[in-house]
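Here's the structure, in structure tokens; my notes come after.
The values are calculated or read from the model by the stated rules, or taken from the named source; none is laboratory data. Predicted model, so just to flag it, every value in this text is computed and none were measured. Glycine gets a Cβ as well: all are built from the backbone with ideal geometry, and neighbour counts include every protein chain shown.
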Amino acid sequence: MNITKIFENNQEWIVEKLKKDQNYFKKLSKGQTPEILYIGCSDSRVTAEEIMGVQPGDVFVHRNIANMVPNSDLSAMSVINYSVVHLKVSHIVVCGHYECGGVKAAMQPSDLGILNPWLRNIRDVYRLHKNELDLITDEGEKYKRLVELNVQEQCINILKTSEVQIAYRDSKLTVHGWVFDIHTGEIIDLKIDFDKIMGQIMEIYSLT
Ligand code: CO
């Protein structure tokens, strides 16, 4: 990828946008009112806006290695707080993807330095669901299932925050667990039953 090409692309994009709407950037600069917070993987192949077919202003986006929501990660926690309390989003999506390098790395014994504590969060997901994962003999299927379970656990981490618990209780917010199937391009809704999960975990995690 030629870096100069990016600036050429940018100029073409500006022309394209202004051709459709002369006031496009004037409107864009006025502020944002996205209804969705999307938390996805930094993987270059899983571009949030493009796979969802949305435009600038539509979705508040947070991406990191393996779409994680660690409880002590100031960045993820700030993104959740800002989008729920200030932007008042009505949906939070955690979107994982098959063939996720972060999840794969967490399935193997390997010392990856500074990545160790980050990936340990995924190893914790593995430990939490070891009984189910150990029943899957096919390594590829086990890998896919860990991607899905990791999405589920990150959604649960979101539900542990007080701002989300309040919005959820007031029926102002829905949490969604998705997986992008990189083999087909399809976004799969894991249809996780968060009402049921909340019923199971709130005894421990309720802050309200
Ligand atoms: Co990934």
| Pairs, first among the β-branched types (V, I, T) in segment 180-208, second assigned to a loop (DSSP other than H, G, I, E, B) and surrounded by 10 or more Cβ atoms within 10 Å (Cβ to Cβ), C-beta under 6 Å, six or more apart | I182/Y98; I182/E99
| field | Inter-residue pairs, beta-carbon under 6 Å, first without any contact (Cβ under 8 Å) to a residue 60 or more places away in the chain and in segment 38-58, second away from the ligand (no atom under 16 Å from the Cβ), 6+ apart | value | Y38/V59; G57/Q32; D58/P34
| field | Hits in segment 59-95 (condition: away from the ligand (no atom under 16 Å from the Cβ), in contact with a strand residue (DSSP E or B) (Cβ under 7 Å, 6 or more places away or on another chain) and not in a helix (DSSP H, G or I)) | value | V59, F60, L87, V89, S90, H91, I92
| request: Evaluate segment 96-117: report whether one residue or more is within 16 Å of the ligand (Cβ to nearest atom), within 22 Å of L190 (Cβ to Cβ) and in contact with a Ser or Thr (Cβ under 9 Å, 6 or more places away or on another chain). | output: yes
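Any residue at all in segment 128-146 that's of a type in the set (F, W, Y), more than 19 Å from I39 (Cα to Cα), touching a helix residue (DSSP H, G or I) at 6+ places or on another chain (Cβ under 7 Å) and within 16 Å of the ligand (Cβ to nearest atom)? Don't jump to the end; show me each part of the working.
Taking segment 128-146 first, the residues of a type in the set (F, W, Y) are 143.
Now narrow it down to the ones that are more than 19 Å from I39 (Cα to Cα): 143.
Among the residues that remain, those that are also touching a helix residue (DSSP H, G or I) at 6+ places or on another chain (Cβ under 7 Å) are: 143.
Filter once more, keeping what is within 16 Å of the ligand (Cβ to nearest atom): 143.
Scanning segment 128-146 turns up at least one residue that is of a type in the set (F, W, Y), more than 19 Å from I39 (Cα to Cα), touching a helix residue (DSSP H, G or I) at 6+ places or on another chain (Cβ under 7 Å) and within 16 Å of the ligand (Cβ to nearest atom).
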| message | Testing G31 on (1) touching a residue at least 12 places away in the same chain (Cβ under 8 Å); (2) at positive phi, one condition comes back false. Which one is that? | response | (1)
| query | Taking into account only those residues within segment 5-47 that are assigned by TED's automatic domain parsing to the domain that holds V151 and more than 27 Å from K88 (Cβ to Cβ), which is nearest to the ligand (Cβ to nearest atom)? | reply | D43
